[in-house]
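Presented below is the structure to which this report refers.
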Amino acid sequence: MNVSNVIFYDDDPMNIIEVSKLNIKSILITNREVNLNYKERHNYYKNFTNNTYYEHFKPGGYPSNGFSMKHAEELLQWMKPKTKPIVLFDWDRTITCFDGFAIENEPFTYSSIGVKMQDVVEYICGGYTRLNILSHVCKNIRNVSNGNRGEIFIVTNNPASVHNRSEFIKLIRTIDPHFKEKCLLYGNGNKRFALLTSDYFMNIIN
């Protein structure tokens with residue numbers, strides 16, 4: 001098992017410990033305030049005007065910056081000498097700024113209630129600027145300088161990845177249009193096991 005070209009990001013120390021047992025380079029995302037004008041739970045929504053996701057769900061939660069510009073710069077540097085890098089991201093509080101997000105089980109869709117997918121992603125990911133950073137990182141993973149396209153996985157304990165997988169995939173593809181459905185892995189409390197039981201992941205690292 002060759003994992004020298006694999007890196008993992010997560011905000012939960014226990015997930016970092018478990019995935020590190022696979023000798024995968026694992027980076028802990030520490031909670032820092034969002035880089036927006038309104039940073040607190042009670043006023044975060046003021047960063048967004050006419051956001052259909054907020055207007056419909058009135059979500060709460062404490063925002064955190066998650067995967068930051070510094071992480072992005074370090075990742076791009078790490079990738080430079082790599083052949084076909086594989087980047088594993090947690091979802092909640094790593095890609096997004098919150099622990100969870102408002103979504104119902106299938107067959108629910110955001111469009112059925114007039115909520116725009118772009119509004120959902122912009123709100124939960126900390127605004128337009130941060131969303132652009134995430135998209136830029138994904139684009140660079142897909143088009144690394146040596147011509148070897150990288151791969152991106154989302155490894156999450158969020159049950160929406162099971163109960164409304166199709167909408168979850170749409171959210172991810174708003175950030176990374178080339179994201180593969182088989183690269184969304186449900187951790188179910190054990191992300192190391194989720195990776196070991198993913199046929200696709202195990203195939204591309206062997």
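Any read-out appearing in this document is the output of simple, stated calculations on the displayed coordinates, not a laboratory observation. Owing to the predicted nature of the structure, the values given are computational and were not obtained by experimental measurement. Every residue, glycine among them, receives a Cβ derived from its backbone with ideal geometry; neighbour counts consider all protein chains shown.
Before moving on, here are some points about what is shown:
- The stretch 98-206: chymotrypsin sites (Phe, Trp or Tyr not before Pro) in DSSP loop, at most 16 other beta carbons within 10 Å: 108
- Trypsin sites (Lys or Arg not before Pro) within the stretch 176-206, DSSP loop, no more than 16 other Cβ atoms inside 10 Å: 180
- Kirkwood estimate for the stretch 73-148, i.e. one over the average of 1/r between Cα atoms, Å: 14.4
- Here the chain is described by how far its Cα atoms reach on the three principal axes: 47, 35, 32 Å, from widest to narrowest.
- With 0.36 nm allotted per residue and the present C-alpha distance subtracted, the residue 76-residue 30 stretch has 14.6 nm of extension available.
- Whole-number D in µm²/s for the stretch 38-112 (Stokes-Einstein; Kirkwood sum over Cα pairs; 37 °C, 0.692 mPa s): 219
- Rg/Rh for the stretch 112-165 (Cα atoms only, Rh after Kirkwood) is 1.06.
- Using 0.36 nm per residue and subtracting the Cα-Cα separation, the extra length available between residue 56 and residue 106 on full extension is 16.2 nm.
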